[in-house]
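The values are calculated or read from the model by the stated rules, or taken from the named source; none is laboratory data. All figures in this text were calculated on a predicted structure; none of them were measured in a lab. Neighbour counts run over all protein chains shown; Cβ positions are idealised from the backbone, glycine included.
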Amino acid sequence: MSKNNLSLPKGTRDFSPPVMAKRNYLFGVLRNAFERFGFLPIETPAMEQLSTLTGKYGEEGDQLLFKILNSGDFWSKVNPDSFDNNARKLSFQISEKALRYDLTVPFARFVVMNRNEISFPFRRYQMQPVWRADRPQKGRYREFYQCDADIIGSDSLLNEVDLIHLLDEVFSKLGLRVLIKINNRKVLMGLAEAAGISDRFTDWCTSLDKLDKIGFEGVAREMEEKALGAKAIEMVSLVMALNGLSGIDEDVIEEVKTKVALNSSLEKGFEELKNIFQSLAAFRLNLSKIEVDLTLARGLNYYTGCILEVKVNEPDYSFPGSISGGGRYDDLTGIFGWKGLSGVGISFGADRIYDVMEEMKLFPEGLDQAADVMIANFNDEMIPAALRLMHSLRSLSVSALLYPDAVKLQKQLTYANANHIRYVVLMGEEEFKEGKLILKDMQSGQQDLYTPEKLIHFFTNL
C-alpha cells in the first residue's frame, strides 16, 4: 500500500505519546474521583448482540449503530423476499452483533446477568470506547470514550445529589467551570399529558432535545411535520420562558399552573427537583453552577426521572454541545427481564473534555516527559555500571532509561530534549574512576558532580 493510500476512517483518530499523556491524566482524574466516591470498576465487550442494543436509543439512535456482518457466507442464508427492500429487516438477517453505542445498556445487561454476584445498591464506573455511525464534526466522533458512573438498585434522590457532587469534584479538579443543567422527565411527561400527546411522548422529547441545535422555529417545524399539534409547540414556548432557574420554587409551579392544569406527573417531577435542590444546600459547589432547564429532554428512551447535562461555562470560551450528561432510569433492566430496578448515572465525554482542556491550555506542564532521567551511553565498558544505576533508580520508582547506542553525545542529548527528559547522567571515564557521575540539567544547562549514592538521593527527593 502506498503512503498516499494510508488513511483513517472519518471520525477516528491516532493518539501520539504527548496526546496520550494528556488523555491518561484526564482518565486518572476521573478514575481517582470515581474510586473516592465509592464506585467499583467493570468492563464489558466492545460488541454486543444486536438485539441487546436495538430499540433502546430511539429510532434515530438505532440508525447510528455500527453493525457487524456475520462471519462466513452470510448472504446465502438470506431470503430476498423476507425483507422487502427494508434495510432494517435485512440488517437483522446479516448482522447478529453490533459495536456498543453507549455503556449504559451494556451495564443493564451486565447487572441482570450477574445479579447473584452483585451487592445492591451497586455503584459502578466504566471507562471504555463506544461507537456511533454519526456524521463526524467538531466535538463529535465515531469512536470515542465514555466514562460512566452509575448507582443501581436504589430510588433515593440522594444518588442524584451524589452524582452532582461528583460532577463538581471532577470539573473543579480539571480547572473547568461548568454549568450543570437539570430537569425531570416526569415534568416533560406532565406537559405532554397536558398537551394530549402522552402517547407521542418519545417523539415530542426527541424534537425538544434538538432545541439547542435547530432553535424554536426548527423544533416547531419538526413537531408540525410529526403532527404533534399546536398544543405541543405551546408547551415548548412555556418551558423556554422558565429557563435559567437556580432552583424550583412555588413561583415556578404557579407560573406553570397559569398555563396548564397540574397533573400527577408534573407534581411528582417538580417535587423531585425541589428535593434535590434542598439536599444540594448541604454543601457548596466549587466551580460549578447548577440551574433548572425545563427544555432539557435527553432524547434517549430509557430516562424516566431526573436528567442532567453539563456545558462549559467559561466567560471567554464557548464549546458546542455538552461534555457530560445522564439521568434516572427506573426500568432499564426490565428490557432484559428484571423489572423495576431503578438506577441513575452520568457519563463524562472524555474526548470532548480533552478538546476543551487542550484549547483552553488547562493540562499541567510536563505530562509528556518520557522519563525523569536518561543515562548517556559512552561505550560498552560503561554499560554494566549504567545498567546497575538504572536498575537502582527504577527500584526506587524513579523513571529512568539508558540510551541504547554509543553514538555521539549531541545526538543523545537531542533525544533527551525531544522527549522532555530534564536530566541526563554522563558517565565520563575520568569522573567514573573517581567514583563520580556528571548530572546535566537540560533546562538550565548546569552540570554537577555526584557520587552514585548522592545521585540516587537527589532523584528520590525531587
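Quick notes on this structure:
- Some residue of the range 244-263 being modelled with pLDDT of 85 or more and within 30 Å of Pro106 (Cβ to Cβ): no
- Test for Lys289: is it modelled with pLDDT of 85 or more and over 22 Å from Asp203 (Cα atoms): yes
- Test: residue in the range 368-378 that is surrounded by fewer than 18 Cβ atoms within 10 Å (Cβ to Cβ), out of contact with any Gly (no Cβ under 6 Å at 6 or more places or on another chain) and not in a loop (DSSP other than H, G, I, E, B): no
- Inside the range 407-424, residues that are in contact (Cβ under 8 Å) with a residue 24 or more places away in the chain and either in contact with a helix residue (DSSP H, G or I) (Cβ under 7 Å, 6 or more places away or on another chain) or basic (Lys, Arg) (or both) make up a count of 2.
- Complete set of residues in the range 116-152 that are under 23 Å from Gln278 (Cα atoms) and in contact with a Pro (Cβ under 7 Å, 6 or more places away or on another chain): Ile151, Ile152
- Beta carbons closer than 6 Å, at least 6 apart along the sequence or on distinct chains, pair a first residue in the range 103-130 that is buried (at least 23 other Cβ atoms within 10 Å of the Cβ) with a second that is of a type in the set (Ser, Thr, Tyr) and assigned to a helix (DSSP H, G or I) for Ala108/Thr333; Val111/Thr333.
- Within the range 11-23, none of the residues are small (Gly, Ala, Ser) and either touching a Ser or Thr at 6+ places or on another chain (Cβ under 8 Å) or under 23 Å from His165 (Cα atoms) (or both).
- Across the range 1-47, the qualifying residues are those that are basic (Lys, Arg) and farther than 16 Å from Gln128 by Cα, and the one among them that is modelled with the lowest pLDDT is Lys3.
- Of the set (1) outside the structural domain of Lys440 (by TED's automatic domain parsing); (2) surrounded by fewer than 15 Cβ atoms within 10 Å (Cβ to Cβ), all apply to Met357 but (2).
- Of everything in the range 431-462 that is part of a strand (DSSP E or B) and not hydrophobic (A, V, I, L, M, F, W, C), the residue that is nearest to Ala385 (Cα to Cα) is Tyr450.
- Applying the condition of being surrounded by 13 or more Cβ atoms within 10 Å (Cβ to Cβ) and small (Gly, Ala, Ser) to the range 38-58 and asking which residue is farthest from Ile94 (Cα to Cα) yields Gly58.
- Remark: pairs (first residue in the range 56-84, over 28 Å from Lys226 (Cα atoms); second residue at pLDDT below 70 and surrounded by 11 or more Cβ atoms within 10 Å (Cβ to Cβ); Cβ separation under 8 Å; 6+ apart in sequence or on different chains) = Val78/Leu90; Ser82/Lys89.
- Restricting attention to the range 250-282, the residues that are under 23 Å from Phe201 (Cα atoms) and assigned to a loop (DSSP other than H, G, I, E, B) total 4.
- Checking the range 365-377 against the condition returns no match, with no residue being of a type outside the set (Ser, Thr, Tyr), in the same structural domain as Lys408 (by TED's automatic domain parsing), without any contact (Cβ under 8 Å) to a residue 24 or more places away in the chain and under 19 Å from Tyr450 (Cα atoms).
- So Glu429, is it touching a residue at least 40 places away in the same chain (Cβ under 8 Å), out of contact with any Lys or Arg (no Cβ under 6 Å at 6 or more places or on another chain) and charged (D, E, K, R): yes
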